[in-house]
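Participant: One structure, as structure tokens, below. Some questions next.
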Amino acid sequence: MKHALPFTAFMLALLALSPVPNAFGQPPQESPPALVVLDKVTEEMVAENTPVVGTLYFDQASTLAPEVAGIVASVRARAGDRVERGDILLTLNTDFTDQEIALARNRIALTEIQMEKAAKDLGRFEVLLREDATSEKAYEDILYARQELEKQHNAYTLDLATAQLKKNKSTLRAPYDGIVLEKMVDVGTYAAPGSPCFRIGAVQELYVKVPVAEDLVRYAQRGEATDVTINALNQELPGTLEGFVPVADRMTRNILLKVKIPPPDQVVENMSATVRVAVAPPRMLKLVPRDALVQLQGQDFVYTLKEGKAAPLPVKILGYTGTKAAVASEPLQAGMQVVVDGAQRLRPDQPVKVIDR
């Protein structure tokens, strides 16, 4: 948390920026009014918060392996690639499986010919049996032979389905939308059933683990929105608190909060992310737009207007929520207007002209 400078130091800093007489003892000529945009100070129930560095991770990550054995024929994904559910990651050589499929189809075709011949023979023997021109045993032999062919046909059909399933399983596909975190095979590698080939993380299950002291967990409300910054990318994302890991660190007693975030443009597992964590229960606090904050000599302040001129007011930042900052400042009241566009260019007592956005 930042602390306000003593009032005397703050006034000295402002005097350093105030206009001074020139060498002839005359005041300098006033510059034209600065163009600014104003916004109102609001007041809401907000919890004080502080930045804590956490670690980005995938709550759903899978190590993928083929269900059948084979030589890797092609690899279609690399580490860092984004994949969609159903995308092909690799294929295995299916030469032997293709032969099994062809053999099963030939056996089925041959059995169907034999079944057709047996059906015709059975029809002729039925006529002969009714005319007492053949024995009942001869008729039953033809009947049982046809039934045996039907069973054989069913077995060959099952062999064909098994071979086709084996061929389908020779293609490894992404089980969900994700990012390839690791590739463990290349073309020509022998892949046994269950041998790891890829590890991917689900982009819709991206979280930040944030270590906090155990006495701060009571302020963490499930479903609460919070700000997350991916430090390496300097990218801000909206986060949602979704609970905590139910195991405290043995040494520090810290507890890991789980903050869900949407996938950024670039994702690296275990990269750092800063999350604003509540350190007190919610209370009524004054909110100013972040654009209104200006820093001078290590002190944060905002500009208000007084008789058409810029008037700085020191503030103490208590936390951030969305595009606004929660601040403490006695002179600042809800409903007052502060400069949001042009604040960085202003100087104390500089004339201003208010314009619309």
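Participant: Sort Met251, Met115 by Cβ crowding within 10 Å, fewest neighbours at the top.
Facilitator: Met251, Met115
Participant: Select from Ala163, Ala69, Ala311 the residue farthest towards the positive end of the dipole of the chain; place +1 on Cβ of Lys and Arg, -1 on Cβ of Asp and Glu, and compute about the Cα centre.
Facilitator: Comparing the listed Cα positions along the dipole, Ala311 ranks first.
Participant: Mind checking which lysines have their C-alpha under 30 Å from Lys120, skipping anything on the same chain fewer than 8 residues away?
Facilitator: Lys137, Lys151
Participant: Taking a cut-off of 19 Å between Cα atoms, list the aspartates and glutamates near Lys166, but don't count ones fewer than 8 places away on the same chain.
Facilitator: Answer for Lys166, where 19 Å is the Cα cut-off: Glu67, Asp87, Asp95, Asp98, Glu100, listed by chain and number.
Participant: Another question, then. With the contact rule set at Cα under 8 Å and sequence spacing of 6 or more, what percent relative contact order holds for the chain?
Facilitator: 29 percent
Participant: Based solely on its DSSP helices, what 222 nm [θ] is calculated for the chain when runs of n ≥ 4 H residues each add -39,500 (n - 2.57) and the sum is averaged over all residues, nearest 500 deg cm²/dmol?
Facilitator: The helix-only estimate for the chain comes to -8000 deg cm²/dmol at 222 nm.
Participant: Kindly identify the chain as rounded, prolate or oblate by the Cα gyration tensor criterion: order the square roots of the eigenvalues as a ≥ b ≥ c, call it rounded if a/c is under 1.5, otherwise compare a/b with b/c, prolate if a/b is larger, else oblate.
Facilitator: Prolate, because a/c is 1.5 or more and a/b exceeds b/c.
Participant: Say R0 is 45 Å: what FRET efficiency, to the nearest 0.05, do Val37 and Gln60 get from their beta-carbon distance? Intermediate results must be reported in sequence, preceding the final value.
Facilitator: Details: r = 44 Å, r/R0 = 0.98.
Computed FRET efficiency for Val37 and Gln60 comes out at 0.50.
Participant: May I ask you to derive the relative contact order of segment 225-283, considering only C-alpha pairs under 8 Å and at least 6 residues apart, and to give it as an integer percent?
Facilitator: This gives 38 percent for segment 225-283.
Participant: While we're here: If each residue of separation counts as 0.36 nm, what is the full-extension length gain between Asp81 and Gln344 once their alpha-carbon separation is subtracted?
Facilitator: Full-extension gain reported as 90.6 nm.
Participant: Which entries in Lys40/Lys353; Lys286/Lys306; Lys209/Lys316; Lys183/Lys258; Lys40/Lys286 show an alpha-carbon gap greater than 22 Å?
Facilitator: Numbers: Lys40/Lys353 17 Å; Lys286/Lys306 20 Å; Lys209/Lys316 28 Å; Lys183/Lys258 27 Å; Lys40/Lys286 10 Å.
The answer is Lys209/Lys316; Lys183/Lys258.
A short reminder: the numbers here are calculations on the coordinates, not readings from a lab. Just so it is clear, the structure is predicted and the values come from calculations on it, not from any experiment. Heads up, the Cβs are rebuilt from the backbone with ideal geometry, glycines too, and the neighbour counts pull from every protein chain shown.
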